[in-house]
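Novice: Have a look at this one before I ask anything.
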Amino acid sequence: MELFVAKTAGFCFGVAKAIKQTNDLISKETGKIYTLGPIIHNEQVVNDLKGKGVSPVENIDVINEPGNVIIRTHGVIPEIYDDLKKKGLNIVDVTCPDVKKIHLLVKEKYSQGYKVIIVGDKKHPEVEGINGWCSNEATIIDSVEDVEGLGQINQKICIVAQTTLTREKWIKINEALDMKYKEIERYETICNATSKRQIEAEEISKKVDIMIVIGGKISSNTQKLFEICKKYCNETYKIETSGDLPSVNIKNKKIGVTAGASTPDWIIKEVIEKMNELDKQENELSFKDAFESSLVTLRTGEIVKGKIIGFNNAEVFVDMGFKSDGIISVEEFTDDPDFNPYESLKVGDEIEVFVVRVNDGEGSVQLSKKKVEAMKVWDKIDEAYENKTPIKVKVIEVTKGGVIASANGVRVFIPASQIGDRFVKDLNEYLKQVIFVRIIELNKSKRKIVGSQRVILQEERSRKVGDVWETIEKGKKYSGIVKSFTDFGAFVDIGGVDGLIHMSEISWKKIKHPSEVLKINDEIEVIILDFDKDKKRISLGFRKKEDNPWVNAAEKYKAGDIINGKVVRLFPFGAFVELEEGIDGLVHISQISNSRIGKPGDVLVVGQGVEAKITEINTETKKISLSIKDVNPIEPVSKNSEGTENTEELPTEYKEDMPNTIGDITNSISEEKE
Ligand code: F3S
């Protein structure tokens, strides 16, 4: 005898979860427990639960005392929830997540005006439940003949499947629908666990002489398994317990065994043991051994690989090739408070999991992904501590003395003094930020890890400073940040090193304070004018050559031109008139009026607009001599006491000896001073 036992035989994850939740409830002893209909289609399990005080009821009217009502995996119509709430009963909803998804889908489509068609058995509680979520207005079909009997449908059509439907039937019915209707939105809601089980049953039944299908008499998915197997293996038997085994000769035969989603492992084992008794051949492989060896063995504390087969907001279900699927609660999946399984997970994704508890009795395996990450992270943290390498963390909490960051689930404390390279006023600004830290303290036994971002920032800074001094040269351009102002200029950070832009290098026009042109924290481009590596001093230039108004002055202004200007400064010997920003010319006192005036302030005021003739221009020395008198002499009407003379120092360019009229100006300055 050769035995082939389906790996997918027995509880699916939805049923395993439902039984687990029921047993959890029993252990809490929170009062009477009812199930709306038998919890699963398996008499033995239902009887076992009855013995523990769980009573199946057909409707809630018979419940007349407080208690808990379990809504089974098939789900129910929405009104049932309302009725249970009205009666003050505690609802324990173990509707399979896959069924729940169909409820929400048909509800949405129905509200959008779609005609909902359900492919499945109209008397099955799951189908009745689904229909309730579209106001019991779905059309339910179960065969190609049913499609033929359908009339005209003038709405868009949305079609869903009972979770236990065979894929073959789904395809055939859809082909028939395609012949009749155009706009069909198809949602193949056949449960993944069901289709896996059916595919495996088909494969086994094709190669065996006898096929045994174990499951409840009224279990729809067991019936479908039977139908599939019967198609490929004539000698297929559907049994509920070992007592139903047919008395057929199994010697030297290939025998396949599968079981429906509601069949507990202990019934499968019993069947196999009974068959072993029937098989008297000494050297024959026992059914029991074969059953056990066909399964992946799991031990608590192991790390194994598995595939995600489903999830909801609270749990992730994983197939590890073990006889039962594993469950990871979201708390054991990740520490991320923003984790959204619908955005982050995909059915079919392979993950590594830690086996927390193997529970043969209920068929559920408790897993943790966080523990795997934590074990790996601890290794990485150990290594990073030894090698002083930075690790990436996400700040998840602000505490009194610092912040807590998560390194893939492992908590790292960062004291406030170690978070930045400057004082941080509000640590909340780091919340949810991803940063790199160096582990500066590690105590594995106390699970204490202390990290520092500060040391990394400081090292980066001194590396940058070193780079600046290494590569600095006159004329090199840098992008810098304006850090502070003084009366003589602005300090700019050019990568960890501060340089000074002298006032005269900020702008071509005359300014009194750097803030007239720059703002603190401005990012600006500067050029190195000079530097002293020993004294660590850098002179920077900001104003640009091309912005120098004197560059084009020779083309714009010629001797003899009449200009319109503005009086900007008054001296005893004359007045400075601005031709444009950055270009001033001097009107000597003798060039203001035809009459003798005591001082320019007698006839001019700062800000006054004047017309003047350029009598001489020297763009090299940046000097322009002007005459108001030659254009429009200003005669003193009365003593103008409002004219204010400038107390500033004379501009440098006018202090030098100058030929012709400009020489005269210098003499006048001396005369005035005497
Ligand atoms: Fe759910 Fe599929 Fe089982 S729909 S209850 S996991 S058969």
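The values are calculated or read from the model by the stated rules, or taken from the named source; none is laboratory data. Quick caveat, the model's predicted, so the values are computed rather than measured. Quick reminder, even Gly has a Cβ in these numbers, built from the backbone with ideal geometry, and neighbours come from all protein chains shown. Side chains are part of the model used for accessible areas, which takes the heavy atoms of the whole protein and leaves out ligands, DNA and RNA. Shrake-Rupley method; radii C 1.70, N 1.55, O 1.52, S 1.80 Å.
Novice: Looking at (1) modelled with pLDDT under 95; (2) away from the ligand (no atom under 16 Å from the Cβ), can you tell me which one THR139 breaks?
Specialist: THR139 satisfies every listed condition except (1).
Novice: Here are some conditions: (1) more than 41 Å from the chain's Cα centre (by Cα); (2) closer than 22 Å to SER262 by Cα. ALA176 meets all but one. Which one does it not meet?
Specialist: All conditions pass for ALA176, except number (2).
Novice: Follow-up. Would you please name the residue that is least open to solvent (accessible area, probe 1.4 Å), looking only at residues in the stretch 236-248 that are more than 14 Å from ALA201 (Cα to Cα) and among the charged types (D, E, K, R)?
Specialist: Top of the filtered list is GLU240.
Novice: Restricting the stretch 201-220 to residues that are within 14 Å of the ligand (Cβ to nearest atom) and of a type outside the set (Ser, Thr, Tyr), which is modelled with the lowest pLDDT?
Specialist: Among them, the one singled out is GLY216.
Novice: Just a yes or no: is a residue in the stretch 437-456 in a helix (DSSP H, G or I), out of contact with any helix residue (DSSP H, G or I) (no Cβ under 8 Å at 6 or more places or on another chain) and open to solvent by 30 Å² or more (accessible area, probe 1.4 Å)?
Specialist: Among the residues of the stretch 437-456, not one is in a helix (DSSP H, G or I), out of contact with any helix residue (DSSP H, G or I) (no Cβ under 8 Å at 6 or more places or on another chain) and open to solvent by 30 Å² or more (accessible area, probe 1.4 Å), which makes the answer no.
Novice: Given the stretch 157-248, what strands (runs of 3 or more DSSP E) lie entirely inside it while holding 3 or more residues that are hydrophobic (A, V, I, L, M, F, W, C)?
Specialist: 157-161, 210-214
Novice: Now a separate question. Can you pull out every residue in the stretch 575-588 that is crowded, with 19+ Cβ neighbours inside 10 Å and more than 19 Å from ALA559 (Cα to Cα)?
Specialist: none
Novice: Can you list the helices (runs of 4 or more DSSP H) found entirely within the stretch 1-117 that contain at least 1 residues being in contact with a His (Cβ under 8 Å, 6 or more places away or on another chain) and within 16 Å of the ligand (Cβ to nearest atom)?
Specialist: Those helices (runs of 4 or more DSSP H) span 97-111.
Novice: Residue by residue through the stretch 142-168, note down the ones that are within 16 Å of the ligand (Cβ to nearest atom), touching a Phe, Trp or Tyr at 6+ places or on another chain (Cβ under 7 Å) and either open to solvent by 30 Å² or more (accessible area, probe 1.4 Å) or of a type in the set (Lys, Arg) (or both).
Specialist: Of everything in the stretch 142-168, nothing turns out to be within 16 Å of the ligand (Cβ to nearest atom), touching a Phe, Trp or Tyr at 6+ places or on another chain (Cβ under 7 Å) and either open to solvent by 30 Å² or more (accessible area, probe 1.4 Å) or of a type in the set (Lys, Arg) (or both).
Novice: Moving on to the next point. May I ask you to verify whether GLY601 is loosely packed, with under 12 Cβ neighbours inside 10 Å, over 30 Å from ASP498 (Cα atoms) and in contact (Cβ under 8 Å) with a residue 40 or more places away in the chain?
Specialist: Spelling it out, it is not the case that GLY601 is loosely packed, with under 12 Cβ neighbours inside 10 Å, over 30 Å from ASP498 (Cα atoms) and in contact (Cβ under 8 Å) with a residue 40 or more places away in the chain.
Novice: Among the residues of the stretch 214-225, how many are surrounded by fewer than 22 Cβ atoms within 10 Å (Cβ to Cβ) and not charged (D, E, K, R)?
Specialist: 2
Novice: Here's something else I'd like to know. Would you call ARG596 without any contact (Cβ under 8 Å) to a residue 60 or more places away in the chain, outside the structural domain of GLN608 (by TED's automatic domain parsing) and of a type outside the set (Ser, Thr, Tyr)?
Specialist: So ARG596 does not fit the description; no.
Novice: A follow-up question, please. Just to verify a result, which residue in the stretch 122-145, among those that are touching a strand residue (DSSP E or B) at 6+ places or on another chain (Cβ under 8 Å) and among the charged types (D, E, K, R), is nearest to LYS224 (Cα to Cα)?
Specialist: It comes out as ASP142.
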